Amino acid sequence: MLFSLLVWVYCLSVVYFFIDALFGLDHRYPALFRIVFKMTSLDVRLFTFWIVLLFLVIYVSLLGWSVYNKRRFGRLKRRRYPKPASREDMLQLEMLDPAVYEELQGMKAITFDLNPIKKDDDYE
């Protein structure tokens, strides 16, 4: 709880520092921070301007890329869940014997002494 409180105090002081510099309030404590870090309110404003500009450039780039992809490829519905596997689908894999498959479907809990799934060595 103490660590969380310290982090919250730190975060709020950073926000207070930026608000003070951006709006030119020149309060006492943020002025001390600016003296310690050898910066002025103008430096903080320029830093904030470049961060906002960088954010906008990245945002517009990603938005443009999204629009380009939608026009180029259309609205694709890629997220479709597969249909439940049928008995024929499972047996076409040829990894289980039909008798073992029926045993798996009929029981709630099964303990096998040997692995029922055929390996590549079993096919040779």
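Rundown of residues vs (1) free of Cβ contacts under 8 Å to residues at least 40 places away in the same chain; (2) of a type outside the set (A, V, I, L, M); (3) out of contact with any helix residue (DSSP H, G or I) (no Cβ under 8 Å at 6 or more places or on another chain), yes/no style:
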| site | (1), (2), (3) |
| --- | --- |
| Val52 | yes, no, yes |
| Asn69 | yes, yes, yes |
| Gly74 | yes, yes, yes |
| Gln92 | yes, yes, yes |
| Ile110 | yes, no, no |
| Ile117 | yes, no, yes |
Residues of region 48-67 being open to solvent by less than 100 Å² (accessible area, probe 1.4 Å) and of a type outside the set (A, V, I, L, M), which ones?
Thr48, Ser61, Gly64, Ser66
Does Arg45 satisfy being open to solvent by 80 Å² or more (accessible area, probe 1.4 Å), assigned to a helix (DSSP H, G or I) and without any contact (Cβ under 8 Å) to a residue 40 or more places away in the chain?
yes
For Phe33: the one exception among (1) touching a residue at least 12 places away in the same chain (Cβ under 8 Å); (2) within 30 Å of Pro116 (Cα to Cα)
(2)
Quick check on this structure: which one of Phe33, Phe37, Phe55 is within 24 Å of the chain's Cα centre (by Cα) and either within 30 Å of Val9 (Cα to Cα) or at pLDDT 80 or above (or both)?
Phe55
Across region 22-39, what is the number of residues that are open to solvent by less than 90 Å² (accessible area, probe 1.4 Å) and outside any helix (DSSP H, G or I)?
4
Whether any residue in region 68-76 is at pLDDT 80 or above, surrounded by fewer than 10 Cβ atoms within 10 Å (Cβ to Cβ) and aromatic (Phe, Trp, Tyr) is what I want to check.
yes
Out of (1) more than 30 Å from Lys118 (Cβ to Cβ); (2) open to solvent by 100 Å² or more (accessible area, probe 1.4 Å), the one Pro84 does not meet is (1)
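The values are calculated or read from the model by the stated rules, or taken from the named source; none is laboratory data. This one's a predicted model, so the numbers in the text were calculated from it and none came from an experiment. All Cβ positions, even for glycine, are placed from backbone atoms using ideal geometry, and neighbour counts span all protein chains on display. Only protein heavy atoms, including side chains, enter the accessible area calculation; ligands, DNA and RNA are left aside. Shrake-Rupley method; radii C 1.70, N 1.55, O 1.52, S 1.80 Å.
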